[in-house]
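Just below is one structure, and these are the notes that go with it.
The values are calculated or read from the model by the stated rules, or taken from the named source; none is laboratory data. Predicted model, so just to flag it, every value in this text is computed and none were measured. Backbone-built Cβ (ideal geometry, glycine too); neighbour counts: all protein chains shown. All accessible areas refer to the heavy atoms of the entire protein, side chains included, with ligands and DNA or RNA removed. Shrake-Rupley method; radii C 1.70, N 1.55, O 1.52, S 1.80 Å.
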Amino acid sequence: MNYIVINGPNINMIGIREPEIYGRDTYDDLCDFIKKSADEMGDTVTVVQSNSEGKVVDFIQESYGKYDGIVINAGAYTHYSYAILDALKAVSGKVAAVEVHLSDINKRDEFRKNSVIRPACVDVVCGMGIKGYKEAAVRLKKYLADNDRI
């Protein structure tokens with residue numbers, strides 16, 4: 001599987017921002033973990049991050065025809081970005097997506113429980129910290145294999 005991990009706003013600040021919620025692992029630790037996990041699974045991964053909604057949309061659009069799938073942590077955009085939802089829907093026929101969150105968004109602030117991007121994703125993983133990214137990749141790979149897309 002060849003996939004892209006797209007991280008949205010403030011994910012680059014993990015380990016610094018609210019470590020009691022997001023953990024003490026740094027963004028470099030996260031990127032290293034993702035790359036190591038992909039290697040262990042025999043997959044190829046690209047990891048990107050942006051604090052800009054438009055750039056996240058660009059990453060999604062650029063994935064079309066280039067990657068088998070997307071693992072996306074849209075950060076706060078998860079809860080209100082219809083632009084990201086539309087981008088995911090636009091590529092969904094060719095590029096499947098799994099939503100991932102470091103914390104369990106279902107056990108946090110009320111507004112965090114709503115994901116507007118979820119309808120364009122084949123699965124969601126939350127509350128596992130950085131290990132959730134590997135679980136998201138496992139689920140993505142299974143979905144793609146089950147649907148003859150890899």
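Where strands (runs of 3 or more DSSP E) sit wholly within region 65-150, those with at least 3 residues that are touching a Lys or Arg at 6+ places or on another chain (Cβ under 9 Å) occupy 96-101, 123-126.
The set of residues from region 12-36 being part of a helix (DSSP H, G or I), open to solvent by less than 70 Å² (accessible area, probe 1.4 Å) and within 11 Å of Ile130 (Cα to Cα) comprises Tyr22, Tyr27, Asp29, Leu30, Cys31, Phe33, Ile34. Cβ-Cβ distances below 9 Å connect the following pairs, each with a first residue in region 30-52 that is free of Cβ contacts under 8 Å to residues at least 60 places away in the same chain and acidic (Asp, Glu), a second residue that is open to solvent by less than 40 Å² (accessible area, probe 1.4 Å) and outside any helix (DSSP H, G or I), and a separation of six or more residues or different chains: Asp39/Val45. Just checking, does region 82-94 include any residue being under 16 Å from the mean Cα position of the chain (by Cα) and modelled with pLDDT under 95? No.
Residues in region 1-11 that are under 21 Å from Val138 (Cα atoms), polar (S, T, N, Q) and open to solvent by 20 Å² or more (accessible area, probe 1.4 Å): Asn2 alone.
Scanning region 62-70 for residues that are polar (S, T, N, Q) and more than 14 Å from the chain's Cα centre (by Cα) turns up nothing.
Just one residue in the set Gly132, Gly69, Gly42 is loosely packed, with under 14 Cβ neighbours inside 10 Å and at pLDDT 95 or above; that residue is Gly42. Looking only at region 45-57, residues that are open to solvent by 70 Å² or more (accessible area, probe 1.4 Å) and in contact with a helix residue (DSSP H, G or I) (Cβ under 9 Å, 6 or more places away or on another chain) come to 1 in all.
Of the set (1) open to solvent by 20 Å² or more (accessible area, probe 1.4 Å); (2) under 19 Å from Ser115 (Cα atoms), all apply to Ile60 but (1).
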